[in-house]
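Heads up: the structure comes next, in structure tokens.
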There are 2 protein chains.
Amino acid sequence: MPDSHYGQPRYRAIANDLRRRILSGALPQGALLPAESSLTVELRASRGTIRQALAILREEGLIITEHGRGTYTNPNISGRDQLAKLETRRRLVPADQELASLFAIEVGAALVEQQRIMRTGGVTEEVVRSYQLPLVADDT
Amino acid sequence: MPDSHYGQPRYRAIANDLRRRILSGALPQGALLPAESSLTVELRASRGTIRQALAILREEGLIITEHGRGTYTNPNISGRDQLAKLETRRRLVPADQELASLFAIEVGAALVEQQRIMRTGGVTEEVVRSYQLPLVADDT
DNA sequence: AGAAATTTGTCCGTATGTATC
DNA sequence: AGATACATACGGACAAATTTC
């Protein structure tokens, strides 16, 4: 049965579980995770669901998977998980003179700013800010 | 049958197909894609495979999916994927408060700013500014 | 070197839950 | 309320890469 998911899909709960294991140190850096087939038994989920959970952690850079070998925890996760969350931010900012000119809007008009922070070992390497015109959602 | 994939997984070929349709304009910006169930028929793949393909395009920001509604092409693309001819500029700028905090430098200290302007037909779609610490010759 | 076992990758079909029209 | 569409989940099958014996 597809379970009554929603509110918290199974694969997300599993991802959270595994993420805790990694960040808590229960799974040391570079450690090999149990095989997907083992996780299906341990976590009582189908392999597809397990793989969905692993895909999340892979996206977050917490794990690395190699075909035929297995899945490891990323050997260098110096940055906390919270950092990853703060990596990107999206907000409305007033256009400065140059942006206003480029977008052909008035100075001070709202622009969507997306900021991404790239760190290495906790050190900020680069900050990227992209600006776009806000989407105007029209009603029906 | 799991088909003889590999060399080019099915979901990737499908993603490429759909990406072409979008970038070529066959699927205009904001257009509603056929339902996943329709794509299974048209592209002869299971829904899971179709969804894998859509996940790629979603990741690329080419499409937007809404539960119960459908999947659209992103109303404002073109700023990202292709589109060469981007104007770039590089200069030193004083760090604002946030940048100073992120780079652990003082407010007003110099940062290298690289600005790229993405246009489509003369219209500015996106402005990207990246900030880095200036390179300084230091000892080892 | 080679065969077998292990592990991840891909794909299918089906069923059910939830959101939207 | 019904139809449509996306989301989640299961189980099975085979392909490909890696490791082990």
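Along the Cα-to-Cβ line of A:ASN74, 7 Å from the Cα, sits a label point; which residues in the range A:102-116 have backbone N less than 18 Å from it? Counting backbone N atoms under 18 Å from the label point, the list is A:116.
Between A:THR65 and B:ARG58, the FRET efficiency estimated from the beta carbon spacing at R0 = 25 angstrom works out to 0.75.
Working from the Cα coordinates of the range A:1-67, the gyration tensor eigenvalues give, after taking √(5λ), semi-axes of 20, 13, 11 Å in decreasing order.
What do you get for trypsin sites (Lys or Arg not before Pro) in the range A:1-75 restricted to DSSP loop and a cutoff of at most 14 other Cβ within 10 Å of the site's Cβ?
Working: sites: A:ARG10, A:ARG12, A:ARG19, A:ARG20, A:ARG21, A:ARG44, A:ARG47, A:ARG51, A:ARG58, A:ARG69; in loops: A:ARG44, A:ARG69.
Sparse-neighbourhood loop trypsin sites (Lys or Arg not before Pro): A:ARG44, A:ARG69.
Computed from the coordinates by the stated procedures, all read-outs in this text should not be read as laboratory data. Remember, predicted model here, so these are calculated numbers, not experimental data. Cβ coordinates were reconstructed from backbone atoms using ideal geometry, including for glycine residues, and neighbour counts include every protein chain displayed.
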